[in-house]
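This report refers to the structure that appears directly beneath it.
The numbers here are math on the coordinates, done by the rules we state, and not lab data. Keep in mind that this is a model prediction, so the values were computed, not measured. Neighbour counts run over all protein chains shown; Cβ positions are idealised from the backbone, glycine included.
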Amino acid sequence: MNLSTQEIEPPGLAGATPALAEAEPADSNGGFRSLDPLELETLMLNLEASMRVHARPHFFNWTQGLLQSLIRHEMLICVLRTGEPAALHADSFSMAPADPSQLCDSYLRDASIAPGLLKAWEERRFRPVVCEAGGPGPIAPGGFVRELERLGATHLLAHGTHDANGAMTSFFILACAPGSIGPRQTYFIQLAVPFLHTAWLRALANGRSKDLERLKPPVGSSITTREREILKWIYLGKSNIEIGTILSISPLTVKNHVQKILRKLDVLNRTQAVGKALALRILSA
């Protein structure tokens, strides 16, 4: 089974000559004026919802919830170009009982899928591409197509963003049931993709920040046994000279230890160090 590329004109371009269809932007010959009040309200609700996305669960709730009212889909695959040569990072979102990561992995593994979709998108001058399983086309059958068939979503609606050189920056593939993609959906995805792009990047950035926070050791966890001794004597009111005499080390060595303690506890002075050490139970009162 193959995938064939199918072109669907956006609202307002039906019946236009090919030259006009290529030259006109998607919303210049109908656009918002062709949407009914309910569609306009749904569109605005989706754009507002996208701006409230700040984490992966938010992105999931939006795309698998309210966004379905604009473009009904069984799975969303998000692809990000992460470097040169074009290394791709992909993620997937679905309410289907099947594991969405399996379809996402098969998308990246099938060598013809990503290049085929991107080439079709570029040839359409960065306008949405609809791919339908069952006809001849540039995308060879494989694991990705088999996963789509198991999901019952053999039609793809794809669109993305690109940089000033025309290189893809992000790409979004919606796997849909047959008969669910028409001119309205290809129009809506052009409106939605910039918001999908920024919302997903916010979710990725915040997710990485949280991962870094989890990897950071707890404050005070790197305090050494010697530093704990010095903290104890600071708590008891001893000076650097007195601590040096007690521990048989020089006052300069004590001072160096104290500076390390302040840095590790992220405090400014000895009094704050004692207070934080007590709060973290490095010291006991």
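Annotations
- Each residue of the stretch 66-74 was assigned a 3J(HN,Hα) from its phi angle through the Karplus curve 6.51 cos²θ - 1.76 cosθ + 1.60 (θ = phi - 60°); the sequence is 4, 4, 4, 6, 9, 9, 6, 8, 8 Hz, with glycine and proline shown as x.
- Sequence-ordered 3J(HN,Hα) estimates for the stretch 255-272 from the Karplus curve with 6.51, -1.76 and 1.60 and θ = phi - 60° stand at 4, 5, 4, 4, 5, 5, 4, 4, 5, 5, 8, 6, 10, 9, 8, 5, 5, 5 Hz, glycine and proline given as x.
- Dipole of the stretch 225-279, positive direction: furthest Cα of 247, 233, 272, with charges on the beta-carbon: 272
- Between residue 270 and residue 149, the contour length at 0.36 nm per residue exceeds the alpha carbon distance by 36.9 nm.
- Calculated FRET value between residue 51 and residue 248, using beta carbons and R₀ = 45 Å, to 0.05: 0.10
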